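Notes to accompany the following structure.
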Amino acid sequence: MTPVPARTMPEPVPVTESPPISPTPEAEPEASVFDMPVTVPPANLTVSVSVRKDPVYSTITVVFDGGKGQDLVQSIPVRTIRSTGEVSDDMLGKEKGAELTINGTRGTDLVRVGIHFMNGDSYHLSDTSLAPSREITGTVTPVPEKTMSINEEGLYPGPVTIPPNSLSVSVEVEKEPIYRVITGTFRGGHGQFLVSRIDMNAVLGTGEAVTKEIPHNIGGMAEIQGTDGVDRVQVVVRFKNGEVHKILEKALGPRG
């Protein structure tokens, strides 16, 4: 009987470990114009954007009012932070008179306006806190006063803040395009009866710092004589419970 040759086992194939897969690095988020502080563009790029809120329907209207730099505008981004926490980004048209309509809420909404120019410059033009104007009474519990310090320019530093809904109020600030008069008008809100003082601070194009108190009855007005240059304006509201909020800051060009 012919012997069967012995079967040889194949050599084991060495197992090589795969190199670990390195996670793809996350792209860093692009810097936003809204990460910048509110800044006044140079004289040759001055433009103005106005923001209003309808007291009945809570509709927010943003209008491009033009200015010396209007023909050099590339885009005008608008960010709305609603009282519900919802954030939306829109673009305002760059033709003078262009309007953007945004659905607001019956609470306090924050509208931020930026601008990009064709030469690559970008500016954070304004932050505006828009409160409802329904008349609601209430009481407050006194708390220790919170302080805000004016810097060397004559303005309060830091961002615009949204008061809680029980303290929400609205102030409109406009600059008349012929006589350059800056007018601040109190429009009321949930917290109108809880206001102790409203200051409209301005650093004018001449470098002069001016503060005027706005009466806190609905329709109360204060005026500051503006300049042919860019005037930076902010509104600071003090409440009877000691809270202080800067509710508006904007740069106003020669045409308002």
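Every residue in region 143-157 that is at pLDDT 65 or above and of a type in the set (A, V, I, L, M, F, W, C), please. Answer for region 143-157, where residues must be at pLDDT 65 or above and of a type in the set (A, V, I, L, M, F, W, C): just L155. Checked against the criterion of being in contact with a helix residue (DSSP H, G or I) (Cβ under 6 Å, 6 or more places away or on another chain), surrounded by 14 or more Cβ atoms within 10 Å (Cβ to Cβ) and at pLDDT below 95, the candidates V160, V140, V173 yield just one match: V140. Counting only residues that are outside any loop (DSSP other than H, G, I, E, B) and over 17 Å from T108 (Cβ atoms), which one in region 232-242 is modelled with the highest pLDDT? This residue is V233.
Please indicate, with yes or no, whether at least one residue in region 216-223 is in contact (Cβ under 8 Å) with a residue 40 or more places away in the chain, surrounded by fewer than 20 Cβ atoms within 10 Å (Cβ to Cβ), more than 26 Å from D35 (Cβ to Cβ) and out of contact with any Phe, Trp or Tyr (no Cβ under 6 Å at 6 or more places or on another chain). Yes; the residues of region 216-223 include at least one that is in contact (Cβ under 8 Å) with a residue 40 or more places away in the chain, surrounded by fewer than 20 Cβ atoms within 10 Å (Cβ to Cβ), more than 26 Å from D35 (Cβ to Cβ) and out of contact with any Phe, Trp or Tyr (no Cβ under 6 Å at 6 or more places or on another chain). The residue pairs whose first member lies in region 72-89 and is of a type in the set (S, T, Y), whose second member is loosely packed, with under 13 Cβ neighbours inside 10 Å, and whose beta carbons are closer than 9 Å, counting only pairs six or more residues apart or on different chains, are S75/M91; T80/E86; T80/V87; T80/S88; T80/D89.
For L72, state whether it is of a type in the set (A, V, I, L, M, F, W, C) and over 23 Å from I247 (Cβ atoms). Against the criterion (of a type in the set (A, V, I, L, M, F, W, C) and over 23 Å from I247 (Cβ atoms)), L72 qualifies.
Every residue in region 211-229 that is in a strand (DSSP E or B) and among the acidic types (D, E), please. So that I can check it myself, show each step before the final result.
Going through region 211-229, the residues in a strand (DSSP E or B) turn out to be 211-213, 221-225.
Answer for region 211-229, where residues must be in a strand (DSSP E or B) and among the acidic types (D, E): E213, E223.
May I ask you to list the residues in region 32-80 that are surrounded by fewer than 17 Cβ atoms within 10 Å (Cβ to Cβ), of a type in the set (D, E) and within 20 Å of the chain's Cα centre (by Cα)? Of everything in region 32-80, those that are surrounded by fewer than 17 Cβ atoms within 10 Å (Cβ to Cβ), of a type in the set (D, E) and within 20 Å of the chain's Cα centre (by Cα) turn out to be D35, D54.
Working only within region 185-208, note down all residues that are under 27 Å from K68 (Cβ atoms) and touching an Asp or Glu at 6+ places or on another chain (Cβ under 7 Å). Break it down stepwise before answering.
Applying the first criterion (under 27 Å from K68 (Cβ atoms)) to region 185-208 yields 185, 200-208.
Result: T185, A202, V203, L204, G205.
Restricting attention to region 162-180, report how many residues are part of a strand (DSSP E or B), closer than 11 Å to L252 by Cβ and not charged (D, E, K, R).
First pass over region 162-180, keeping only residues part of a strand (DSSP E or B): 170-175.
Subsequent filtering for residues that are closer than 11 Å to L252 by Cβ retains 173-175.
Remaining after also requiring not charged (D, E, K, R): 173.
Counting residues in region 162-180 that are part of a strand (DSSP E or B), closer than 11 Å to L252 by Cβ and not charged (D, E, K, R) gives 1.
What do you reckon, is G93 surrounded by 21 or more Cβ atoms within 10 Å (Cβ to Cβ), touching a strand residue (DSSP E or B) at 6+ places or on another chain (Cβ under 9 Å) and small (G, A, S)? Answer is no for this residue. Is at least one residue of region 243-254 of a type outside the set (F, W, Y), within 22 Å of the chain's Cα centre (by Cα), closer than 15 Å to R180 by Cβ and part of a loop (DSSP other than H, G, I, E, B)? Checked region 243-254: at least one residue is of a type outside the set (F, W, Y), within 22 Å of the chain's Cα centre (by Cα), closer than 15 Å to R180 by Cβ and part of a loop (DSSP other than H, G, I, E, B). Checking each residue in region 181-194 for being in contact with a strand residue (DSSP E or B) (Cβ under 6 Å, 6 or more places away or on another chain) and surrounded by fewer than 20 Cβ atoms within 10 Å (Cβ to Cβ) picks out V181, T183, T185, R187.
The values are calculated or read from the model by the stated rules, or taken from the named source; none is laboratory data. If you're wondering where the values come from, they're calculated on a predicted model, not measured in any experiment. Here the Cβ is made from the backbone with ideal geometry for all residues, glycine too, and neighbour counts use every protein chain on show.
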